[in-house]
Amino acid sequence: MADTRFIVRTALIVALGGFLMGFDASVISGAVSFIKPEFALTQFELGWAVASLTLTASLAMMCAGPLSDRLGRRPVLRLAAVLFAVSALMSALAPNFATLVISRLIGGLGVGAALIIAPMYIAEIAPAALRGRLVSFNQLNIVVGISAAFFSNYLILRLGHSTAEWVQTLGLAQRNWRHWLQIRAQRRFPTPTFFRISKFPRNVTTRLPSVC
């Protein structure tokens, strides 16, 4: 029973990677109408700013599996967490178009790695009776992350029209897109959580040596 609780708790932590994946992939939708005039982008450049994440995500999806076979699942998940955090901070503070694209490319590496390794790790540690339910947490969190991105976009847009003094102080009306991406940075609360994925108890690791 203790092993089961430990595995469920670990699976829930790892499934936060799905949340980050969904949030990262969707939050840019609220910023496109603001970054275009901010950096005087052409339609091609705007499309590249949005789609650049998927390019490196595809690359990471192809490389994450073999890399995790060599290094282990946990180190790759931790690396993905670091990439998420770096990407979020760079996006929120990007002074120009090139920095924004680079930050999106870095984020794509984290998205691709988390998308592949998180469900793989959960499936490998889960007991057969719980495997389907635990892996579904990752898929559920992807949808929750997408929803959170759209709701946060909506909230910041509404606040941008507010006359409240604190709204004016933060400059929400003038810098909406940066606040969207700052929320993205703040959503990195799962990042340090990934580093809490500890080694499994001895009686579990003897059954699952490849994932520890």
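Run the simple label-point estimate for Arg131 and Leu89 please: 7 Å along Cα→C-beta, distance reported in nm.
Using points 7 Å along Cα→Cβ, the separation is 3.9 nm.
Quote the FRET efficiency, to the nearest 0.05, computed for Tyr154 versus Arg9 with a Förster distance R0 of 35 Å and r equal to the Cβ-Cβ distance.
0.60
For segment 26-94, count all C-alpha to C-alpha pairs, find those more than 17 Å apart, and express that count as a whole percent of the total.
Here the tail beyond 17 Å accounts for 54 percent of pairs.
Over segment 19-146, consider all pairs of different Cα atoms and compute the Kirkwood hydrodynamic radius from their mean reciprocal separation; express it in Å, one decimal. Don't jump to the answer; show the numbers that get you there.
Numbers: mean 1/r = 0.0653 Å⁻¹.
One decimal place: 15.3 Å for the Kirkwood radius.
What list do you get for Ser33, Ser152 if you sort them by fewest beta carbons within 10 Å?
Fewest-to-most ranking of Ser33, Ser152: Ser33, Ser152.
Rank-order 129-141, 73-85 by packing density, defined as the average count of other C-beta atoms within 10 Å over each peptide's residues, highest first.
The packing order, highest mean first, is 73-85, 129-141.
Ranking Thr4, Thr10 by Cβ neighbours within 10 Å, fewest first, what do you get?
Thr4, Thr10
Values quoted throughout were computed directly from the atomic coordinates according to the rules given, and no laboratory measurement underlies them. Model, not experiment: these values are computed from the prediction. Cβ coordinates were reconstructed from backbone atoms using ideal geometry, including for glycine residues, and neighbour counts include every protein chain displayed.
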